[in-house]
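Written out below as structure tokens is the structure these notes cover.
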Amino acid sequence: MSSSDILDVLNIQSSHVQKKRPGDAKPAGPKKKKQGTMNRELYNLIGQNAPPIAMEKTSKFKSRLNSSVKTTPWSYTSFVNEARQDGLELHHWIKGSSDLAKDKEYPFAKFNSKINIPELTEDNYKESLGSEDWSFEETKHLFELANDFDINWFVIYDRYDFDGAERSLEDLKERFYDACEKLLTKKYESSYTDEKTQTLIDNLKSFDKSKELERKEYLSRLLQRNPTEIAEEQSLVIEARKFELSAKKMLQERAGLLQLLDSAQSTGSVSQYLTSQGLTQLYNNLMLADKGKKRKVEVPVPPQIDSSLIRGSDKHKKITAASIAPESAKKPEPLTHASEMLAKRLSAEEREIYGLTIHQDKISAGVNLRSNKISSYKPAVQAKIASTLNELGISTKPTIPTGKVCEKFDELLHAISILLETKRQTDKLETEIRLIQSQRED
Amino acid sequence: MAPPTTNSKRVKGISISRPILYGNVASPFSEKVEKPAGSPVDHTHLWTVFVRDPNGKDLSYFIKKVVFKLHDTYDSPTRSIESPPFEVTETGWGEFEIGIKIYFVSESSEKNLSLFHHLKLHPFNREGEPPAVVESVLYEEVVFNEPTEKMFGILTSTPGSLLPFKNDAEHKFSKEMEMQELDRLKHALSEVMKQVNEQRDRLVELEKEKKELTS
């Protein structure tokens, strides 16, 4: 009992289920192949070897337009343009039936708008617009032109011709706006003015001839720039942007420097480390801290080797022995000597003879020249440092580079580099302040 | 080349230095200084370039050899001196840069050190009577940072030279000179620190001024 039987019993028709029936599947295969352009006999000759390219007949022409939408009717109707005074009747094509458009207004009539310009009479001219420069006739002429050309100023300026009077566009504007404003104020003097009119009056008042002239001058100058000037301007803009960026960076640097200069001095007292116990404790603490960093610690020399600091040297001997102990198994011979040497309490003079120095901080192994250890700076800084040294009467290299001298020399170089950096910052700040001041004065 | 690893165990945290002098002496040929036979005709000076201890002690306990690289116009310009005194005596007429390479004893397992010395034949001051001997000697210290244990042993069994307290004819470098140099540096340092403080005060002042201006 297959699923289709159940469907039959239940009276359900299902097309996709039917397709899956094995009986239907077989004839579907060859049928598809027959749909090609080749006829069956030829296909049978080829057999299973299907051609690599599917050959299909394509029609040469576009398919015929097959639209089911009904065509829209257009009708030729007459209409009256309300914007016209003469009531001329014209005809045009409109979409849909002519009945539809019968009572409708001509859609383009609304664009024939009229600007509401206050009326100018001889009376109100005398009342509020009296001016030596502008006679009533000339004002009237201006108002007429404004009315005729919908306050298109360039057209008005072009057509303006009154007794050969020389008026600039701005003169006309000024007179017209001023007159309008006065007329409106007069008109609404007694009665309530609505908001719209009030803003109009305010706008009319705000016209400033000199500003307008200035603006036009700027614009014309902007338009008259030549290519080199444009390029220069662009480069200046880029430069300005760079300045802004570097200023930001410099501010950060300066803040950093100030912080560095103001940093608190070490407040801890050294007195607690002056006794041998204190020193041992410090040393142990440092050793622990070092171990905490998981570095391989292999320092056989505790810092208390200086005999002047050590009274009870037993402790230190123990530490030395303990730290060296693991190595002694492998290499007993040179080690005994080294530990002996170290165990011996060397006086300052003895240490000087041997040129022995004990370093608390990490040093890099290897042989070197003393004078090569003097720190170097960036070439630009180095040159400035050299000139500063020159001013101080010090040669750029120590004449007798002993350990002490090199140390001092290094210290000096460092101080000079700080000085140069501070100087640079002050100079920058000074120029900045000058700039601000000059901007204030402008 | 590099000795086996057993040799390179280093003594951490210490450095040992040895002072050396390097440079040259030169004297023009005269009645006293005779021109050696067979030297080229145009040579005018007899000179010696050297690396030595300030007090004339033997340095061979830590220096294996010194190689002097002379001007290419000399016969076999690379002169390797394997035993003290580490010096080369030659005749010549011109000044040039001599490359000096110091090789250390194998126990140190250190690379060689390079120095350069400008051979000096003529005095700085050309006027007046030329001196019989022109000297150009420089002080330097060779610092062994964290020497190998063997080297540590070698260096600590032989004391180095201490500088004399005063300058004399034989010793051009002395403690006195060091002290003078230190004094000069100290003086310069205090001067610089003074300026730093001034500049800092100025900076703080300007910062305030700017704040007032911008606020």
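Taken over the stretch B:1-108, the convex hull of the Cα atoms encloses 132 Å³ per residue. All Cα-Cα distances of the stretch A:122-222, cut into 10 Å bins from zero to the largest, leave 13, 41, 35, 9, 1 percent in each bin in turn. Treating r as the C-beta distance of A:Y43 and A:K110 and R0 as 51 Å, the FRET efficiency rounds to 0.10.
Projecting the Cα atoms of A:L145, A:F207, A:Y160 onto the charge dipole of the stretch A:122-222 (Cβ charges, centred on the Cα centre) puts A:F207 farthest toward the positive pole. A viscosity of 1.567 mPa s and a temperature of 4 °C, combined with the Kirkwood radius over C-alpha pairs in the Stokes-Einstein formula, give chain B a diffusion coefficient of 62 µm²/s. By the gyration tensor of its Cα atoms, with a ≥ b ≥ c the square roots of the eigenvalues, what is the shape of the stretch A:378-442: rounded for a/c under 1.5, prolate for a/b over b/c, or oblate? Prolate. Largest GNM mean-square fluctuation among B:F124, B:F50, B:F152, using chain B with Cα springs under 10 Å: B:F124. Loop-located GluC sites (Glu not before Pro) in the stretch B:129-215 (DSSP state not H, G, I, E or B) with no more than 12 neighbouring Cβ atoms inside 10 Å: B:E170. Pair-distance distribution of the stretch A:134-180: all C-alpha pairs, bin width 10 Å, starting at 0; shares per bin in whole percent are 28, 67, 5. Under the criterion of Cα pairs below 8 Å and six or more residues apart, the relative contact order for chain B equals 26 percent.
Here the stretch B:163-215 is treated with +1 on each Lys and Arg Cβ and -1 on each Asp and Glu Cβ, and its dipole about the Cα centre works out to around 140 debye.
Measuring between their Cα centroids, the stretch A:124-180 and the stretch A:374-436 lie 75 Å from each other. Modelled label positions at B:L162 and A:E233, each set 7 Å beyond Cα in the direction of Cβ, lie 8.1 nm from each other. The label point for B:T44 and the one for A:A383, both projected 7 Å from the Cα toward the Cβ, are 3.5 nm apart.
Stretching the chain fully between A:S98 and A:R434 yields a gain of 112.9 nm (0.36 nm per residue, less the alpha carbon separation). Once the Cβ-Cβ distance of A:L88 and A:S191 is raised to the sixth power relative to R0 = 51 Å, the FRET efficiency obtained is 0.80. Fewest-first ordering of B:S157, A:S63 by other beta carbons within 10 Å of each residue's beta carbon gives A:S63, B:S157.
Taking each residue as 0.36 nm, the span from B:V204 to B:V33 lengthens on full extension beyond its C-alpha to C-alpha distance by 54.9 nm.
At full extension, A:N81 and A:T58 could sit 2.7 nm farther apart than now, given 0.36 nm per residue minus the alpha carbon distance. Label-to-label distance for A:E166 and A:K211 is 2.8 nm, based on points extended 7 Å past Cα in the beta-carbon direction. For chain B, a crude dipole built from +1 on the beta carbon of Lys and Arg and -1 on the beta carbon of Asp and Glu, taken about the Cα centre, is about 820 debye to the nearest 20. Springs join every pair of Cα atoms under 10 Å in this Gaussian network model of chain B, and among B:I102, B:I14, B:I81 the largest mean-square fluctuation is at B:I14.
Every read-out reported here was derived from the displayed coordinates using simple, explicitly stated rules and does not represent laboratory data. Keep in mind it's a predicted model, so treat the numbers as computed, not measured. A quick note on method: Cβ atoms are made from the backbone with ideal geometry, for glycine too, and the neighbour counts reach across all protein chains shown.
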